[in-house]
Amino acid sequence: MGFGMSWFKRENGDFPGPANGPEGESAGDGERNVRTEGLWIKCIGCRQIIWKADLEQNLSVCPKCQHHFKLSARRRIEQLLDPGYELVDTGLRSTDPLNFTDVKPYKLRLSKAREQTGLDDAILNAVGQLGPHPVVLSAMEYGFIGGSMGAVVGETIARNVDRARILRKPLIVVAASGGARMMEGVVSLMQMAKISTALAQLDDAAVPYICVLTDPTTGGVTASFAMLGDLNIAEPGALIGFAGPRVIEQTIRQKLPEGFQRSEFLLEKGFLDAVVHRKDLKPYLIRALDFMKP
Ligand SMILES: [Zn+2]
């Protein structure tokens, strides 16, 4: 449905920002940032133009096609927890243990990401009320180097897992991650074991853990805590996987089926317990916790 205005027909790329606007900086590795300085945004799902205020009022879900846009960690916490929650474990920063440089120094990537997100790393921990239930919540920030998991993300989540066990409050983790943070090498891979160990202790203590997988949840995060919940639920249409589809196709020399690595496909194959629309997420979590309560 064209309206004859040239910019409605634009099929490639995003809208140009203001002439003197800031240059879009890469959010993750090779990930192009959608510039959102304007009042309008083009939906990735249906390619229609949406008024940004409408989108925000609708929990960042496209009112036309229900495409779920990415949420920042802060907005995620605001959507899930009642007002009056408390942010905890802030102020942890990566020490760049390998003094790593690829096309640019890791230290520079870190300072840019801090500037852009206002966070110290790709995670926020909070303690608060989810309706009637006191919970501990960790929300990942995709805008911080692709939500990658290094030592700080690992330590921050592990602290919340321990907090959940000690306080005997259910743990909820909202995952959004490109996987382990390559710039921290083996240190980032060790986080998988570290968090999984803490989760095993939480399980022994019989404290519930629910993981919410959002777009995208991949790599070492999928391979560890994102799939270890007592309940693993996902938002609609989220990309969830370990390796990317191209790598898999080249390895097994087969064409992958339609919708492979999306929430609905994983639900059908038994990897997930439910796919829940963002507007239903909070009531769903409350009902799940009601059910799990001793
Ligand atoms: Zn849409």
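The values are calculated or read from the model by the stated rules, or taken from the named source; none is laboratory data. Predicted model, so just to flag it, every value in this text is computed and none were measured. Methodologically, a virtual Cβ is constructed for each residue, glycine included, from the backbone with ideal geometry; neighbour enumeration extends over all protein chains shown. Just so you know, the surface numbers come from the protein's heavy atoms only, side chains and all, with ligands and any DNA or RNA stripped out. Shrake-Rupley method; radii C 1.70, N 1.55, O 1.52, S 1.80 Å.
Some points to look at:
- Helices (runs of 4 or more DSSP H) wholly inside region 194-294 that include at least 1 residues being of a type in the set (Asp, Glu) and closer than 30 Å to Cys62 by Cβ: 245-252, 263-268, 278-292
- Qualifying residue in region 249-257 (condition: of a type in the set (D, E, K, R) and within 21 Å of the chain's Cα centre (by Cα)): no
- Summed over region 188-202, the residues that are free of Cβ contacts under 8 Å to residues at least 40 places away in the same chain and of a type in the set (Ser, Thr, Tyr) give a count of 2.
- Count of residues meeting criterion [within 16 Å of the ligand (Cβ to nearest atom), in contact (Cβ under 8 Å) with a residue 60 or more places away in the chain and among the charged types (D, E, K, R)] in region 34-88: 1
- Residue match in region 91-104 (condition: charged (D, E, K, R) and within 16 Å of the ligand (Cβ to nearest atom)): no
- Region 266-286 - residue that is closer than 22 Å to Phe225 by Cα and more than 19 Å from the chain's Cα centre (by Cα) and, of those, surrounded by the most Cβ atoms within 10 Å (Cβ to Cβ): Ile286
- Test: Phe225 is touching a Ser or Thr at 6+ places or on another chain (Cβ under 7 Å) and open to solvent by 30 Å² or more (accessible area, probe 1.4 Å): no
- Flag for Ala206 being at pLDDT 95 or above, open to solvent by less than 60 Å² (accessible area, probe 1.4 Å) and among the small types (Gly, Ala, Ser): no
- Count - residues of region 222-246 that are more than 22 Å from Gly150 (Cβ to Cβ) and out of contact with any strand residue (DSSP E or B) (no Cβ under 7 Å at 6 or more places or on another chain): 2
- Some residue of region 243-258 being within 13 Å of Gly179 (Cα to Cα) and open to solvent by 10 Å² or more (accessible area, probe 1.4 Å): yes
- Hey, Thr156 of a type in the set (S, T, N, Q), in a loop (DSSP other than H, G, I, E, B) and either within 16 Å of the ligand (Cβ to nearest atom) or farther than 17 Å from Leu213 by Cβ (or both) or not: no
- Scan region 125-154 for residues that are open to solvent by 10 Å² or more (accessible area, probe 1.4 Å) and free of Cβ contacts under 8 Å to residues at least 60 places away in the same chain and the total you get is 5.
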